[in-house]
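These notes are about the structure you will find just below.
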Amino acid sequence: MHALVADFLKHLEVARAASKHTLKAYAQDLAALEKYLEPQAVELVELTHLHLRGFLGQQAVDKAAATRARRLAAIKSFYRYLVRRKVIEVSPARRVKTPKLPQRLPRAVPIDETFALLDEPQVDRLLELRDRAMLETLYGAGLRVSELCGLSLRDVDLRARMVRVLGKGNKERLVPLNEGAIAAIEAWLVRRGELLSKPRPKQDREAMFLNYRGGRLTTRSMQLHLDRYAKRLGLTREISPHALRHSFATHLLASGADVRSIQELLGHASLSTTQRYTAVSFEQLQKVYDDAHPRA
């Protein structure tokens, strides 16, 4: 890795409290830029507006619009950092406009399908008992899947019915737990120790949710488990852990919760992010109108 890139990532980690996911993505984005410049024998500090245009044009061949937008954001941030450090005088990315991406509305899972998913794991099977607790917590608290997998025992207070979550930018928030999630977690904790009874490498005795070897469960594993339950139920729609987070917000809004409260529960830095759910709710309202109104 280029020394300036390493310094920039360290700055993001320390001064901006950037998440490990952001750091990894930005490192990949800047590595892609370096790889593009290498055959031209151009250093990062020698980048011009035309070089950047060429790079973005190359990215347009096989990269999604969201990926290209993120890469441009990483590049802009990096060169602003170099200007502040007085490594360069002017950012070559200053005149490049970030393309407006089409706003994709969240895909909420209908309530009946959500409940079916939560009830599908069998409580007489240890790992499915864990999965039920995970699904109940994911939907009941509206967590990101990374937040769920990052939970430790000390983060969950069943007596206070609260979970402490470390979200994006290492921002901490407290989220209430419903009775279903509490009951599922309590049942899981009774048998959780069985996965730690035999010492194995990489066990994590502090993790709330463990894999079969006693290590911390990963986000990838969570998706695989969710896919299995959706398949067992015969659901044809694609359901991701993030879809349950969307469903949490959409169902709350449909039941009368205000957007500002939902913003706090989700840990959104900007209210505009949360307001996407109002569009989802209006779509549902319009469908009801079209189905029910005599003149529709």
So which pairs qualify, if the first residue must be in segment 123-138 and within 21 Å of Ser197 (Cβ to Cβ), the second must be acidic (Asp, Glu), the Cβ gap must be under 7 Å, and the two must be at least 6 apart or on different chains?
Leu126/Glu194
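For segment 220-251, which positions are β-branched (Val, Ile, Thr) and either under 10 Å from Val109 (Cβ atoms) or modelled with pLDDT of 95 or more (or both)? Before the answer, list the steps.
If we filter segment 220-251 for residues that are β-branched (Val, Ile, Thr), which is where we start, we get 236, 239, 250.
Ile239, Thr250 - these are the residues of segment 220-251 that are β-branched (Val, Ile, Thr) and either under 10 Å from Val109 (Cβ atoms) or modelled with pLDDT of 95 or more (or both).
How about segment 136-188: which of its residues are in a strand (DSSP E or B) and of a type in the set (A, V, I, L, M)?
Filtering segment 136-188 for residues in a strand (DSSP E or B) gives 152, 156-157, 162-166, 172-176.
Within segment 136-188, Val156, Met162, Val163, Val165, Leu166, Leu174, Val175 meet the criteria.
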Of all residues making up segment 183-221, the number that are over 16 Å from Gln122 (Cα atoms) and of a type in the set (A, V, I, L, M, F, W, C):
7
Pull up segment 226-266, narrow it to residues that are buried (at least 20 other Cβ atoms within 10 Å of the Cβ) and not aliphatic (A, V, I, L, M), then point me to the one that is farthest from Glu147 (Cα to Cα).
Tyr229
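Residues in segment 66-86: is at least one surrounded by 13 or more Cβ atoms within 10 Å (Cβ to Cβ) and over 28 Å from the mean Cα position of the chain (by Cα)? Full working, then the answer.
Step one: filter segment 66-86 for residues surrounded by 13 or more Cβ atoms within 10 Å (Cβ to Cβ), giving 67-83.
Subset that is over 28 Å from the mean Cα position of the chain (by Cα): 82-83.
Yes: one or more hits.
Just a yes or no: is a residue in segment 197-217 polar (S, T, N, Q), in contact with a Leu (Cβ under 8 Å, 6 or more places away or on another chain) and either in a loop (DSSP other than H, G, I, E, B) or surrounded by 13 or more Cβ atoms within 10 Å (Cβ to Cβ) (or both)?
yes
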Residue tally, condition among the hydroxyl-bearing types (Ser, Thr, Tyr), modelled with pLDDT under 90 and loosely packed, with under 12 Cβ neighbours inside 10 Å, over segment 17-52
0
Hey, could you check segment 151-175 for residues that are touching a residue at least 40 places away in the same chain (Cβ under 8 Å) and out of contact with any Gly (no Cβ under 8 Å at 6 or more places or on another chain) and say which is farthest from Arg216 (Cα to Cα)?
Gly169
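The values are calculated or read from the model by the stated rules, or taken from the named source; none is laboratory data. Since the model is a prediction, treat every value here as computed from it, not as a measurement. When we count neighbours, we look across all protein chains shown, and the Cβ atoms used for this are built from the backbone with ideal geometry, even at glycine.
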